[in-house]
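A.B. asks: One structure, as structure tokens, below. Some questions next.
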Amino acid sequence: MLWRLDIILLLFLVATALGVYVTKDLMAASIIFSAYSLTMAIVWQQLSAPDLALTEAAVGAGVTTVLFLITISKTVRRED
Amino acid sequence: MRKFLIFLCLAICWVVFLSAVVEMPPFGDPANITNRHVVPRYLEEGVEEGGASNIVTGIILNYRGYDTMGEVTVIFTALAGVLAVLKREDVKTSTTMVATSPVGPSLIVTTVVKLLIPFIVLFAVYTILHGDVSPGGGFQGGAVFGASMIHYTLIFGLLTYMRKIRLAVKVPLESAAILSFAIAGFIGLFFGQKFLTFLMPALSHEAQYLLRHAMLLLIEVGIGVATGIIFGSIFASLEKVERI
């Protein structure tokens, strides 16, 4: 059961990573990237690394996304 | 032609990395070199030598103390780089997203953030202080603390944030991590040991235990406070810049 959950999470990771690459709208891309980080946090938890999961959830999904959004709001939103 | 070159470079990288992965020892094999020497030592003597019942914290702050000290310096350097490029926030020129946006923050958002912030900070303090018994520690708690400050700033603006934490308080706190690490490191020198050692054979068993816990706590709190404040400072200096 847990093994199957891992497969779903890893597939979702690949999907979100490709989504970040494909998306031209930077706002959407950074939000997809935050979904990637959140999934990564669950994967760390599945690999019995709760320390890393906490860091990934706080830094990857929280702080980094806000910093990206701030930067986008100061510059342009679309990738050329 | 350019695309072909990029593809070629990526393909070469792919082959090199894959061959490196093939060469790696099998995952979880008890016959691995690391599993024969390093891991048993950590698991058997980590609690006694490291001083923390959470072995991860013991490894990070004790066995690999130099490494963690370097990481702390990296965070500090990142802040220094951001400030060198963007400069620190200034009360007179600072504007906030909320102040410049045509729609002010709604009552629901401000109320929810006001209610949530104390609990987020409480969780951050818990994570920092319980680093030696449960998962977490300075970095994690500090990141949560920094995120809470960022959320506060996003809703209530940079001016109230800077009124809450003044620059004269912020600047020394940003270097708290390196400072606490150095202080904890020099304690070893006073007892005739190496830098950053946690083992003091000159003291009795109980005194050693207490001292080790005090050093761990000092380092954890230092890292936590510094990480949080540094995240807040980076955010504030990014937020300040006027729209180009």
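The values are calculated or read from the model by the stated rules, or taken from the named source; none is laboratory data. Remember, it's a predicted structure, so these values are computed and weren't measured experimentally. Every residue, glycine among them, receives a Cβ derived from its backbone with ideal geometry; neighbour counts consider all protein chains shown. Side chains included, ligands, DNA and RNA excluded: accessible areas come from the protein's heavy atoms. Shrake-Rupley method; radii C 1.70, N 1.55, O 1.52, S 1.80 Å.
A.B. asks: Expected output is a single nm value to one decimal: the length gained when fully extending between B:ILE6 and B:THR77, i.e. 0.36 nm times separation in residues minus the C-alpha distance. What is it?
C.D. replies: 22.3 nm is the gain from fully extending B:ILE6 to B:THR77.
A.B. asks: Helix by helix through chain B, keep the DSSP H runs that span 30 Å or more along the axis on Cα and average at least 0.5 on Kyte-Doolittle, and give those back in order.
C.D. replies: The answer, listed by residue number, is B:2-23, B:65-86, B:107-129, B:205-240.
A.B. asks: So between B:THR160 and B:GLU49, what do we pick up on full extension, going 0.36 nm a residue minus the alpha carbon distance?
C.D. replies: Contour length minus Cα-Cα distance gives 35.4 nm.
A.B. asks: GNM, chain B, Cα, under 10 Å: largest mean-square fluctuation among B:GLU49, B:GLU220, B:GLU23?
C.D. replies: The residue with the greatest mean-square fluctuation here is B:GLU23.
A.B. asks: As a test of understanding, state the convex hull volume per residue of the protein assembly as shown from its alpha carbons, in Å³.
C.D. replies: Convex hull of Cα atoms, per residue: 196 Å³.
A.B. asks: Using a 1.4 Å probe, what is the accessible area per residue for region A:1-46, in Å²?
C.D. replies: 67
A.B. asks: Separate question: Mind jotting down the three principal axis lengths of region B:141-244 based on Cα atoms? Whole angstrom, largest first.
C.D. replies: Taking max minus min along each principal axis of the Cα atoms, region B:141-244 gives 60, 21, 20 Å.
A.B. asks: Quick one: net charge around B:ASN35, please, counting Lys, Arg +1 and Asp, Glu -1 for every other residue with C-beta under 12 Å from its C-beta.
C.D. replies: Around B:ASN35, the surrounding residues sum to +1.
A.B. asks: Once you've got the Cα coordinates, tell me which of A:LYS24/B:LYS87; B:LYS164/B:LYS240; A:LYS74/B:LYS3; B:LYS170/B:LYS194; B:LYS170/B:LYS240; A:LYS24/A:LYS74 are over 20 Å apart.
C.D. replies: With Cα atoms farther than 20 Å apart: A:LYS24/B:LYS87; A:LYS74/B:LYS3; B:LYS170/B:LYS194.
A.B. asks: Also, I was wondering about something else. What ranking do B:134-144, A:47-57 get when scored by the average of other Cβ atoms within 10 Å per residue, highest first?
C.D. replies: B:134-144, A:47-57
A.B. asks: Pulled fully out, how much extra length does the chain show between B:LEU86 and B:LEU210, if you take 0.36 nm times their separation in residues and subtract their Cα-Cα distance?
C.D. replies: Between B:LEU86 and B:LEU210, full extension yields 40.3 nm more.
A.B. asks: Please report, in whole Å³, the volume per residue of the convex hull around the C-alpha atoms of region B:75-226.
C.D. replies: Once divided by residue count, the hull of region B:75-226 is 130 Å³.
A.B. asks: Still on this structure, I have one more. How much of the accessible area of region B:54-240, in percent, comes from carbon and sulfur atoms when a 1.4 Å probe is used?
C.D. replies: Accessible surface attributable to carbon and sulfur in region B:54-240 totals 75 percent.
A.B. asks: Taking +1 at the Cβ of each Lys and Arg and -1 at the Cβ of each Asp and Glu, which of A:ALA53, B:GLY28, B:ILE55 sits farthest along the dipole of the protein assembly as shown towards its positive end, judged by Cα position relative to the Cα centre?
C.D. replies: Ranked along the dipole, the leading option is A:ALA53.
A.B. asks: Starting from the eigenvalues of the Cα gyration tensor, five times each then square-rooted, give me the equivalent ellipsoid semi-axes of chain A, largest first, whole Å.
C.D. replies: Ellipsoid semi-axes (Å, largest first): 26, 16, 5.
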